[in-house]
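Asks: A single structure is presented below for examination.
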């Protein structure tokens, strides 16, 4: 009998998130529940006569989203730029480190304490220090996003790289396969589901960090708009910005869900 692939369970396996399948009826139910929640909220807010500066009716929020979108658009682009740059930097570093530490255990022993520090330290706490060093531009926020994304990608990717199919590796070695060939042809495909999940989780963490960094320091971005509109009690615009942020997060999930279905659907 062939030996089963060995999985390292040092982290939770979120790979099912990219292999789930949604039927048309399920999507209809999800949308129906969302519509029901919005409708009930509209009725409750108006029936209780809740002030708009506390919680505006959903219809007012949707109206503000479309009416003021031209005001949100420049800040949306800035947030996406910060997220995109920081994400690319953090993801590349994370995948590279994951590949290195799983091939060289000695490097893992050296790098792991620093990764744990990055994982357990809120990146927002570093934003004021980064602003003192790099000013109030986009650079501090990009660095904060990269620091938030990198460890998430590295941890999940390393878990994937530790998955081994010993019979395949032994067979490849018997045919004279090099370490790089074994990594590229066997280890990387086995790790791909967890890499995709790491990229997805890293993207969500990066988005939250970007928004928080904009709230802490900076004169632009969606996070800055949250602070601005809340200070003026313009809650319709405030919640409209929250909808935009949520849409970015959902978009990240959908992108990696589709990538997972195409490249890692065998995980299901």
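Derivation of every value follows stated rules applied to the coordinates shown; laboratory data play no part. Please read all numbers here as calculations on a predicted model, not as lab measurements. When we count neighbours, we look across all protein chains shown, and the Cβ atoms used for this are built from the backbone with ideal geometry, even at glycine.
Asks: Which one is right for this structure if Rg and Dmax of the Cα atoms in Å is calculated from it: [x] 22.5, 71; [y] 22.3, 76; [z] 19.5, 62?
Replies: The value computed from this structure is option [y].
Asks: Right, next: Starting from the Cα of residue 38, step 7 Å toward the Cβ, then list every residue of segment 75-113 with an amide N under 19 Å from that point.
Replies: Counting backbone N atoms under 19 Å from the label point, the list is empty.
Asks: Among 120, 209, 139, which comes first, then next, by fewest other beta-carbon atoms within 10 Å?
Replies: Result, fewest neighbours first: 120, 139, 209.
Asks: Let me see the pair-distance distribution of segment 143-268: every alpha carbon pair, 10 Å bin width, integer percents in order.
Replies: Going from the shortest bin to the longest, the percentages are 13, 30, 25, 16, 10, 5, 1, 0.
Asks: What is the packing order of peptides 44-52, 122-130, taking the mean over residues of other C-beta atoms within 10 Å and listing the highest first?
Replies: 122-130, 44-52
Asks: Would you mind ranking 33, 255, 115 so that the residue whose beta carbon has the fewest other beta carbons within 10 Å leads the list? Don't jump to the answer; show the numbers that get you there.
Replies: Numbers: 33 10, 255 13, 115 19.
Ranking 33, 255, 115 by Cβ neighbours within 10 Å, fewest first, gives 33, 255, 115.
Asks: Per 5 Å bin from zero, what fraction in whole % of the C-alpha pairs of segment 59-145 is there, up to the bin with the longest pair?
Replies: 3, 12, 14, 17, 15, 13, 11, 7, 4, 3, 2, 0
Asks: Going by average Cβ neighbours within 10 Å, how do the peptides 237-243, 54-60, 26-32, 143-149 rank, with the highest at the top?
Replies: With the highest mean Cβ count within 10 Å placed first, the list reads 143-149, 237-243, 54-60, 26-32.
Asks: While we're looking at this one, here's another question. By how many degrees, 0 to 90 and rounded to 10, does the Cα axis of helix 105-120 deviate from the longest principal axis of the chain?
Replies: 10
Asks: State the Cα centre-to-centre distance between segment 117-180 and segment 203-268 in whole Å.
Replies: Between the Cα centres of segment 117-180 and segment 203-268 lies a distance of 21 Å.
Asks: Evaluate the relative contact order of the chain (contact order divided by residue number), counting alpha-carbon pairs under 8 angstrom at least 6 apart; express in whole percent.
Replies: Computed over the chain, the figure is 32 percent.
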